[in-house]
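Participant: Starting off with a structure, shown below.
The values are calculated or read from the model by the stated rules, or taken from the named source; none is laboratory data. Just so it is clear, the model here is predicted, and its values are computed rather than measured. Backbone-built Cβ (ideal geometry, glycine too); neighbour counts: all protein chains shown.
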Amino acid sequence: MTRTFKRHGDAVRATFREVEVELLRTARDQLLATLQAGDADDAVVRRLFPAPVLGDEQVAEEVRDLLADELQARRIAELEELLAILDRGEYWRGRVRVDLVDDEPLLVLGVLNDLRLAIGARIDVEAIDRDAVSEDDPAAYPLAVMDHLGWWQEQLLAIIDPASVRHAVEGWFDPFDDPDDDLPGDLPDDLPDDLPGDDPDDPTGGRA
């Protein structure tokens, strides 16, 4: 199984399939739009900026509101930096390759986590029975994307902090991998403009 992230000297080299770059750009753009909208009641915003547990719900909400602007600005800056990283990628043997230097591996790790949490919040992943999700279920695609982002996180953690990884990356199942190195229907060559369940006005998360 080909890994996306590998140690390359002092850098971490990322080698993406074009559809994966498009996936990252789409998820990044959607999260950026959500953050810039600034809706405190949005499920994604509440997941990324939870109120601290202080024993007093009102005080916790006040603390959350005080920190929200600073944390939101930092996350927006990190999303902008991810775009700059992707933009400097170079084509190599049909892939897009870019070296992550200095603190960029940690930044990318954090952004991947935010993207995964955002998708999970939008589809209310905790209420989904994965065993009951069929291939044509609207939740199947965002769940596969979440798994893929998690697989990338595990790879980066194995490089940045091997001791924190509980099992070898080689043991992970890549949900988008097959013997011909093509992607199955869960991640088509032409990605949708929006991830399923990404409509904040749809209370069903796309599962109606």
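Participant: Yes or no: the range 111-131 includes at least one residue that is assigned to a helix (DSSP H, G or I), out of contact with any helix residue (DSSP H, G or I) (no Cβ under 8 Å at 6 or more places or on another chain) and surrounded by fewer than 10 Cβ atoms within 10 Å (Cβ to Cβ).
Facilitator: If we filter the range 111-131 for residues that are assigned to a helix (DSSP H, G or I), which is where we start, we get 111-123, 125-127, 130-131.
Imposing the further condition that a residue be out of contact with any helix residue (DSSP H, G or I) (no Cβ under 8 Å at 6 or more places or on another chain) reduces the set to 127, 131.
So of that shortlist, the ones also surrounded by fewer than 10 Cβ atoms within 10 Å (Cβ to Cβ) come out as 127, 131.
Within the range 111-131, one or more residues are assigned to a helix (DSSP H, G or I), out of contact with any helix residue (DSSP H, G or I) (no Cβ under 8 Å at 6 or more places or on another chain) and surrounded by fewer than 10 Cβ atoms within 10 Å (Cβ to Cβ).
Participant: A further question on this structure: Tell me which of these L107 doesn't satisfy, since it passes every other one: (1) outside any loop (DSSP other than H, G, I, E, B); (2) of a type in the set (A, V, I, L, M); (3) surrounded by 15 or more Cβ atoms within 10 Å (Cβ to Cβ); (4) more than 18 Å from the chain's Cα centre (by Cα).
Facilitator: Every condition holds for L107 apart from (4).
Participant: So which residues in the range 132-141 are free of Cβ contacts under 8 Å to residues at least 60 places away in the same chain and surrounded by 15 or more Cβ atoms within 10 Å (Cβ to Cβ), if there are any at all?
Facilitator: Taking the range 132-141 as the starting set, the residues that turn out to be free of Cβ contacts under 8 Å to residues at least 60 places away in the same chain are 132-136, 140-141.
Answer for the range 132-141, where residues must be free of Cβ contacts under 8 Å to residues at least 60 places away in the same chain and surrounded by 15 or more Cβ atoms within 10 Å (Cβ to Cβ): V133, A140, Y141.
Participant: Consider the range 76-104. How many of its residues are assigned to a loop (DSSP other than H, G, I, E, B), free of Cβ contacts under 8 Å to residues at least 24 places away in the same chain and under 25 Å from T34 (Cβ atoms)?
Facilitator: Of the residues in the range 76-104, 1 are assigned to a loop (DSSP other than H, G, I, E, B), free of Cβ contacts under 8 Å to residues at least 24 places away in the same chain and under 25 Å from T34 (Cβ atoms).
Participant: Also, I was wondering about something else. Run Q72 past the list (1) of a type outside the set (K, R); (2) surrounded by 11 or more Cβ atoms within 10 Å (Cβ to Cβ); (3) touching a residue at least 60 places away in the same chain (Cβ under 8 Å); (4) more than 25 Å from A144 (Cβ to Cβ) and report the number of the one that doesn't hold.
Facilitator: (3)
Participant: When only residues in the range 35-67 that are more than 15 Å from the chain's Cα centre (by Cα) and buried (at least 16 other Cβ atoms within 10 Å of the Cβ) count, which is nearest to G89 (Cα to Cα)? Break it down into steps so the answer makes sense when it comes.
Facilitator: Taking the range 35-67 and keeping what is more than 15 Å from the chain's Cα centre (by Cα), we get 36-43, 46, 49-67.
Among the residues that remain, those that are also buried (at least 16 other Cβ atoms within 10 Å of the Cβ) are: 42-43, 49, 51, 64.
Details: D42: 33, A43: 32, F49: 31, A51: 37, R64: 37 Å.
If we take residues in the range 35-67 being more than 15 Å from the chain's Cα centre (by Cα) and buried (at least 16 other Cβ atoms within 10 Å of the Cβ), then F49 is nearest to G89 (Cα to Cα).
Participant: Can we say A11 is modelled with pLDDT of 90 or more and within 25 Å of D161 (Cβ to Cβ)? Reasoning before the result, please.
Facilitator: On the way: modelled with pLDDT of 90 or more: yes; within 25 Å of D161 (Cβ to Cβ): yes.
Yes: the conditions hold for A11.
Participant: If you go through the range 52-62 one residue at a time, do you hit one that is small (G, A, S) and closer than 19 Å to L112 by Cβ?
Facilitator: First, the residues of the range 52-62 that are small (G, A, S): 55, 60.
If we keep only those that are closer than 19 Å to L112 by Cβ too, we end up with none.
The answer is no, given that none of the residues of the range 52-62 is small (G, A, S) and closer than 19 Å to L112 by Cβ.
Participant: A follow-up question, please. Of all residues in the range 1-34, how many are surrounded by fewer than 15 Cβ atoms within 10 Å (Cβ to Cβ), among the hydroxyl-bearing types (S, T, Y) and in a strand (DSSP E or B)?
Facilitator: Summing the residues that are surrounded by fewer than 15 Cβ atoms within 10 Å (Cβ to Cβ), among the hydroxyl-bearing types (S, T, Y) and in a strand (DSSP E or B) in the range 1-34 gives 0.
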